[in-house]
1. Identify all residues within segment 64-90 that are open to solvent by less than 100 Å² (accessible area, probe 1.4 Å), β-branched (Val, Ile, Thr) and out of contact with any Ser or Thr (no Cβ under 7 Å at 6 or more places or on another chain); write none if there are none.
2. Please enumerate the residues belonging to segment 96-115 that are buried (at least 16 other Cβ atoms within 10 Å of the Cβ) and either hydrophobic (A, V, I, L, M, F, W, C) or more than 17 Å from Leu155 (Cβ to Cβ) (or both).
3. Phe383 fails exactly one of the following numbered conditions: (1) closer than 25 Å to Gly227 by Cα; (2) part of a helix (DSSP H, G or I); (3) open to solvent by less than 30 Å² (accessible area, probe 1.4 Å). What is the number of that condition?
4. Leu368 - would you say it is exposed (fewer than 15 other Cβ atoms within 10 Å of the Cβ), in a helix (DSSP H, G or I) and at pLDDT 95 or above?
5. Within segment 102-117, track down each residue that is among the polar types (S, T, N, Q) and either modelled with pLDDT of 95 or more or touching a helix residue (DSSP H, G or I) at 6+ places or on another chain (Cβ under 9 Å) (or both).
6. Suppose we filter segment 255-291 for residues that are over 17 Å from Leu341 (Cα atoms) and of a type in the set (Val, Ile, Thr); how many remain?
7. Got a number for residues in segment 116-152 being surrounded by 22 or more Cβ atoms within 10 Å (Cβ to Cβ), touching a Gly at 6+ places or on another chain (Cβ under 8 Å) and without any contact (Cβ under 8 Å) to a residue 60 or more places away in the chain?
8. Looking at (1) under 28 Å from Ala285 (Cβ atoms); (2) under 33 Å from the mean Cα position of the chain (by Cα); (3) not polar (S, T, N, Q), can you tell me which one Asp382 breaks?
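The values are calculated or read from the model by the stated rules, or taken from the named source; none is laboratory data. Note that this is a predicted model, so its numbers are computed, not measured. We place every Cβ from the backbone using ideal geometry, glycine too, and count neighbours over all the protein chains shown. Accessible surface is based on the protein model in full, side chains and every heavy atom, while ligands, DNA and RNA are left aside. Shrake-Rupley method; radii C 1.70, N 1.55, O 1.52, S 1.80 Å.
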Amino acid sequence: MSNQHINNKEIATAKKPRNDASNLSLRGTKQSVSLTPKLRFKEFAGDWEFDKMNNITSYVDYRGRAPIKSNSGIFLVTAKNIKKGFIDYEKSKEFVPSENYNLVMSKGLPQKGDILFTTEAPLGNIALVDNPKIALAQRVIKLRGKENIDNIFLLHYMLAPIYQKLIIKKSIGTTVQGISGKELRKTKVSFPNLQEQQKIAAFITSVDDKIQQLTKKKTLLEQYKKGVMQQIFSQQLRFKADDGSDFADWEEKKLGEVAKVITGSTPSTSNQEYYGGKKLFVSPADIQGNRYVFNTKTTLTELGFNKGRKVKKNSVLFVCIGSTIGKVAQASEECLTNQQLNVLEALETNSNDFIFSILSFNGDRIKLLAGVQAVPQINKTDFSNFKFKFPSLKEQQKIATYLSAIDTKIENVQTQIAKTQTFKKGLLQQMFV
C-alpha cells in the first residue's frame, strides 16, 4: 500500500488545533484540554484529555541497583539496547545469572507489550517489550498503561516530537542529559478515547512494518550482491561473449595500468570567491554508501572550479586517508575532490564501472593494508601499485551492467525507505497534541 493511498483512505483532513489558554478547563482533579491533532481519523471528534504519566501508567524504576552479571543466563536489557521504538539485542550482550533473576527483578517483572524508557545515556529512547524473559538494567524505567491507555499508542506518543521535546525540557545535565523519575512521572500525556488510541497505534505500526519490510528487502539485496561479487571476482562465475564463446583469461594488472590515478586538489580556502557555487567539491564526508555523488557539503563557484584538477563524470572516487578509508563512489558529473581522495579515470581498454565494482569488493582489504596509525592513509604510489585480475573490456562491461542493475534495485528500495520514514515523521508531528 503506498503512502499516498494510506493518506487518502485513512486520515481525514487536518483540523486546526485550538491551543489558546481559554480552551483549558478542569474536570475534577484531572485537567481536560480542548486540543485536537492536525491529522485525525474522520470518525473521531471531540477533545483529547491529558493527564500526568504517573496517573495513567503503572511505573517501575530499576535505577539504584547494579545487578551481578554473568556470561550467560537471562538477557540484560540496558540503555544501550533500547532504541527509538525497538530493542536491539545485538548492540550489547550482557546477562544476569538465572538464579538471581527474581532478585534482580524484585521491583516488578516485565510483560510483553510493556514500554521501556531510558532516563540517560541516551535520554528518551523508548521500546516495547517483545520478550518477557529479560532483565532490566539501571537507567531503565518500565511503564504499563492503565485501563484507559493503549501501550502501543503510548509508545508512539512518547516517540513523537511533542513528548521528546518535553523530556528534553525537563532534563538536567549538559555533558550527559538525564531526567529524574520524579519529573518523568509529572510529564503530561494527551490521549483520546481508547478506540481512537488503538486506531492510531495500528496505523503507525503498519507504517513501521512497511519500513521493516523494506529494510529487510534491502539487506537481502545487498547480501545477494555480495555473494554474486564473490563468485565473479573469484571467476567461479564467468560471462559469455554475445556469440556464446568464452572470453579470454583474466590478467593481473596494477591499478595504475588500467586507469589514470589522480590525487584531489583544494582551491585556496582563504578565497571566499571560490566557494558557495553550484560545482561539486567531493570530500570523504560525501561518500556514505551512495554509488554516485550528486550533492556535496561544500560547493565551488566557476572561479574556484577552474583552480583545481577536474575530475571527469563517472570517474571512480576512492577515500585514501582517514577513518572512512576504503569507501568508493563515482562522480555523477564533472567535479573536483579534495586530497583525501584518489580518483581513477579508466584508460581506453577498461571500464570505470568495473573498476568501481572491483574496488567496492576489495575496499576493506585495501583498508587493512593502510596500516594502524592515528590517521590511516594510502599514498598515490602504493595505491597505483595494487594488483587485481582484470578481464577484457567486453567482459568488464557485461559484469558492470549486471552489478549496476542490482545497485539500481538497492537504490530504489533505499528511496522507498527514506520516503516512508519521512511519511512517518510527518504522522508523529501531526497526529499527537
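1. Once the filter is applied, which keeps residues that are open to solvent by less than 100 Å² (accessible area, probe 1.4 Å), β-branched (Val, Ile, Thr) and out of contact with any Ser or Thr (no Cβ under 7 Å at 6 or more places or on another chain), segment 64-90 yields Val77, Ile87.
2. Pass one, segment 96-115, residues buried (at least 16 other Cβ atoms within 10 Å of the Cβ): 96-97, 100-101, 104-105, 109-110, 114-115.
Matches in segment 96-115: Val96, Pro97, Asn100, Tyr101, Val104, Met105, Leu109, Ile115.
3. All conditions are met except number (1).
4. On the way: exposed (fewer than 15 other Cβ atoms within 10 Å of the Cβ): yes; in a helix (DSSP H, G or I): yes; at pLDDT 95 or above: no.
Judged against the criteria, Leu368 is not a match.
5. As a first pass, look at segment 102-117 and keep what is among the polar types (S, T, N, Q): 102, 106, 111.
If the condition is that a residue be among the polar types (S, T, N, Q) and either modelled with pLDDT of 95 or more or touching a helix residue (DSSP H, G or I) at 6+ places or on another chain (Cβ under 9 Å) (or both), then Gln111 is the only one that fits.
6. 2
7. Result for segment 116-152: 3.
8. Only one criterion is unmet by Asp382, namely (2).
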